Structure formats: C-alpha cells, structure tokens
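Colleague: The structure follows.
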C-alpha cells in the first residue's frame, strides 16, 4: 500500500458517472450528500451566508491561474490555519499535488471540458485513498468567499479543495482547529510524526532534531511548526512577530556558510537555519536573521541567491535553528517514505495491517489494565544485527461523527523467536509510545535482531474502532497478526497437545575456542519430539549472551529436551556440546523463574564426555497452554 494505490469513491459517488449524467441532462451538478445549506456549515453567524457558484461571483472563473503556488491560499473565517499551512506545503510538490487534484486540466472551466458544476479531489484516510465529489456552490457573504480563497480573485481550486475536505470531515465547522500533520497525511498518504521541543533540550538532542529535519527535507517530506498558545486569546501575536496557536510551514532546513568574498571560500563557520512560512502572509519573525536584518551582511550575495533570500512581505522568513527551537514548541512532519528500489537514498520496506479494537475481547486498553494483552497483537522480525524501525498507528478519524479521537499508543515487546500464538505475558518490554489523543502516533525504534510483538491500543479499555498500523525497516519484517490463543484441539487424525515448555536461553560461558583467534560464533538448537528451533549466532565470542526465549508445545511432555551449542562456519558448522533438560518430572518446572547452569557434554566412544562451557537456561512448564 503506497502513495498511488486504487481509489474508492467516497460515499459511493463516482465522479465520471455523475458528470456524464449532468452532461446528458444539461444540468449543473447539485450534491445531495453535502447540500448548500446550514447543515454543511454547522457554525455560528451563518444566517447571512449565500451559496454561490464561481460564475455567480466573478465573470471569468478559473480552476487554476498561472499554475500552483503557496500564495493561492488565504485563510478565511475558519480557524483552519493548520489546513492552509498543509496546502501551502503541498503546492510546492507537483507530484503530490497531482495526486490530490487529479486531472486538473479536465476540471478547468472550458467548453471542451463541458463544465457541469462538479469537481473531485482525492484524500488518504486510514489506509485507503478516497475520491470526494462536490458541487461548486461556495459559501459567500456580500459576494465574497467566506472561507479559504486565492489571492487571485477568479481562481477557485483552493476554495473547492477546502469544500471537499470539509465534506470528508463532516462539515466546515469540523475544520475549525486541527493539526497540519493530519491534513498532510490526508493529502499524501505519508506518515505523520509530531516532535515536541521539550524532548530536545540538550545540545546533543538538538543536533539530533536538526538531523531529522534536514534528512526529512532531503526526502521531500512536508513539515510544519507551531507555538502552543498559553493565553486565553486565540492566535495572539508575540513581540517577535510570531503568532501563538498558529500553524507555520517549514520550507527549508540548511547549513549556511558565513563570510563574504575570499573569506567565504575558506570559512569553516556554518550556521544552522530554518525557513518558515506564515500561511496568512505578511506577519513575520522580526528577530535575528529576519528579512533585511543586519545579520545577513555576514553572508555573501551568492549564498543569498542560492537559498532564494527575498525581503518580500510574503509571510516567509529565515531564523537560526537555535531561535527556532527557543520559540516554537512543536514540529510536525509528514514523511514521504522512499520505497523505490531505484534510488540512491535509503530505501525502506513497508508492512501494513488494518485492525480493529472490538468487544468483547480485543479492546483491552493500555498496559495499566489487566486486560492489556487482550488487544490485537502483531509479530515482526528484525533480521539485521540492528535496524531502525519506524512505526505509525492511525485510528479512524471520529471528528466527522462529532466525537473526540481516542488516546492511542503502542507497546513493543520482545517475544519468543518461534512465537506463533498470542502472548500471555510481557516477556521483555522494549518500548512504549506515550498515549496521545490524536489521530495518529509515531515512533522511531532501534531494535536488535530478533522477533517482536507490537500491541496497538487505546488508553482506556472497551473503546472500539478501526486502525491502520504501518511499519518501515531496512529489510522485510514480515508483520502478521497473532490470532489463536493456543494450538488447535485434537482431531480424529491428530493427537492432542498436552502441555507447553518455555526455554529461555540466557547465555553461555567459557566455551571451547573453535576458530582462528581463539574464538567462536556460537548459536543454539533446541530439539524436542523430532522437531528443532534454532536461534541466531553471535560473532566472535566464547561468552555469548542471547537472551532468546522459545516456547514448544508438547504431545509427549515426559520426553527430554536437548539444547545443542554450535559454532557457525561458512562451510560446515561444528557441534560444541549439548545440555539435556530432563523431563521425567515436568511439574518441577511449573512456575519456575530460576536460571540454572547446565554443563555441556558430547558423545564419545565410551559414552558422554564433558565439554568446556556452561549454558544458562530458564525452564517453565505448564499444562495450561493459554498462559504462555
């Protein structure tokens, strides 16, 4: 599932069929699902609003005038600067813009296109692209558009886009307040991430934030920033020219060389800079490095030209990264994940699942609840020695139903290397993302090789709804859901499983050297009832630490379990010894959590001989297979 998948008609309305019907009957389209009346507004001060088609507002309406620009958006009476900022970012990427506004040339007012008062736009919602059809009745007051409008009087694509987005959200009032990252995700199918400055207070963390922003820009991600409004007055202007409670676009992230003339050539001084844009235009940052400030005298004219420096009152301005971190409180990034194999940049592998928190047994709430493990569970594998994994959890937006979004998050737990059935304990918690009452949450995890279980959940139990879970890593992670609690019961042709044994391979010590350099690459094979499970080798050590757990289901619980230690080689592996877990009395391992040392042995000509090394294992045995 990527950026350009099949699209589903929103509420079953098919654009081409509806337009052909209008052409055939010689009538302009009127949308019965989003009528030109108060129900589509749902806001105060609507009594004097008139709905008019563009041709009733101006003489020569156009969908586009002289191409797409960030200046095509002027915010209207709604508090939807977050939407306007997102649209301004979108306008800078023609490929993404064409996905949201399909066949724009065919939607232009021309005789050839047979204007029929019908338009359509595409948005990505919770794992699916949807095509939203609208008529072109727009809310006006005194023959002027009330909401988003272009600075060019006869250009209407931005107003029509806003109307389609309002229809998707339920009504115009639903756009009054929101997050730019949600709109960016809706317009790109990308992955949203929110970063809070309070989590980047040290110099080291600030450098990590700059790396994230710069790398995101290089990957053509779309970004925005905002300042938390702590005052009672909404969107208040500060002494530095910035506006609180207001969404800005981030349009550039650069290291700028300081110095002029010959000095600039040999200078090693760089300044980290961020360029932002106020969707209102006009009101800009007035501090250091603002338009026309003295600081720009330290930069050569060629550098100014390279970064596109202007002094226009267009709402776009530069500021140092230090000032940016000091004044802004939040950064939002819509990552456009590169999954092309034909690329010089890092390529990610994607895994996607759609799921549901449902009653009675799949809505367990967060880890504070005893029902936590009742949530949907998914396992995935990290096959590199270490890999960065990106995780996005997005819930179905509830604003169009007049409800608040749930507080959601996810937990990652290390699990058995052969796990096939649902987890019933929290073996080793690796990471837990803070719960937020937002449409989506995002996490960056650095994970070592192994198998993991990710559990998406709402904060409170018994909250139901759909979600989409997306994961990205350098290699295929094979994400899949754990459905069954335990092995299937016996049938006439299959004998029953009677118990389960859980073996944790913690570590080994003082193994015998096998390779040059007096070392080894050891791994283990667990053998039971004619089956075997193998973990991964650790390079160049005689004291390996695996911390791997294996759960095996038993038809013959009184048969011993063998754990062999092998040395990995390119041509042929070597057996270094084995340990026997005696199962003549399996109940002695019930509720066991004691780690035990097992000496290694090998088969000699006259029986077993002792081998160098000790294997540390923890064994748990139970007849209740739905508890491990």
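All of the numbers you see were taken from the coordinates with simple rules; none came from a lab. Keep in mind it's a predicted model, so treat the numbers as computed, not measured. All Cβ positions, glycine included, derive from the backbone under ideal geometry; neighbour counts span all protein chains shown.
Colleague: For the chain, take the longest principal axis of its alpha carbons; what is the angle in degrees between that and the long axis of helix 203-218, to the nearest 10 within 0 to 90?
Modeller: Tilt relative to the chain: about 70 degrees.
Colleague: How far is helix 157-169 tilted, in degrees, relative to the longest principal axis of the Cα atoms in the chain, given as a value from 0 to 90 rounded to the nearest 10?
Modeller: Tilt of helix 157-169: around 50 degrees.
Colleague: For a test of the definition: using alpha carbon positions, the gyration tensor, and the 1.5 limit on a/c, classify the chain as rounded, prolate or oblate.
Modeller: Here the chain falls in the prolate category.
Colleague: What does DSSP give for the chain in terms of the percent of beta bridges that are antiparallel, rounded to the nearest 5?
Modeller: 95 percent
Colleague: On to the next question. Compute the Cα gyration tensor for the range 474-571, then decide on rounded, prolate or oblate, letting a ≥ b ≥ c be the square roots of its eigenvalues: rounded whenever a/c is under 1.5, prolate when a/b is larger than b/c in the other cases, and oblate in all that remain.
Modeller: prolate
Colleague: Could I ask something else about it? Normalising by the residue count of the chain, find the relative contact order in percent from Cα pairs under 8 Å and 6+ residues apart.
Modeller: 10 percent.
Colleague: Okay, moving on. Go through 590-597, 539-546, 189-196 and give me the packing order, highest mean Cβ count within 10 Å leading.
Modeller: 189-196, 539-546, 590-597
Colleague: Based on the mean of other Cβ atoms within 10 Å per residue, sort peptides 383-391, 617-625, 520-528 so the most packed one is first.
Modeller: Put in order of decreasing packing, that is 520-528, 617-625, 383-391.
Colleague: Only helical DSSP H runs with n ≥ 4 go in: add -39500 (n - 2.57) per run for the chain, normalise by residue count and round the 222 nm mean residue ellipticity to 500 deg cm²/dmol.
Modeller: The helix-only estimate for the chain comes to -4000 deg cm²/dmol at 222 nm.
Colleague: So how do 171, 425, 136 line up by other beta-carbon neighbours within 10 Å, fewest first?
Modeller: 425, 171, 136
Colleague: Between the alpha-carbon centers of the range 431-462 and the range 82-104, tell me the distance in whole angstrom.
Modeller: Centre-to-centre distance over Cα atoms comes out at 30 Å.
Colleague: Hey, another quick one. What list do you get for 440, 475 if you sort them by fewest beta carbons within 10 Å?
Modeller: 475, 440
Colleague: Next question, about the same structure. Please give the length that would be gained between residue 346 and residue 531 if that part of the chain were fully extended, namely 0.36 nm times their separation in residues minus their C-alpha to C-alpha distance (nm, one decimal).
Modeller: Stretched fully, the residue 346-residue 531 segment lengthens by 62.7 nm.
Colleague: Another question, then. Only Cα pairs under 8 Å and at least 6 apart count here; give the relative contact order of the range 349-482 as a rounded whole percent.
Modeller: Value for the range 349-482: 48 percent.
Colleague: Further question on the same structure: Could you line up 294, 272 from fewest to most neighbouring Cβ atoms inside 10 Å?
Modeller: Lowest count first: 294, 272.
Colleague: Relative to the longest principal Cα axis of the chain, at what angle does helix 81-90 sit, 0 to 90 degrees, rounded to 10?
Modeller: 80 degrees
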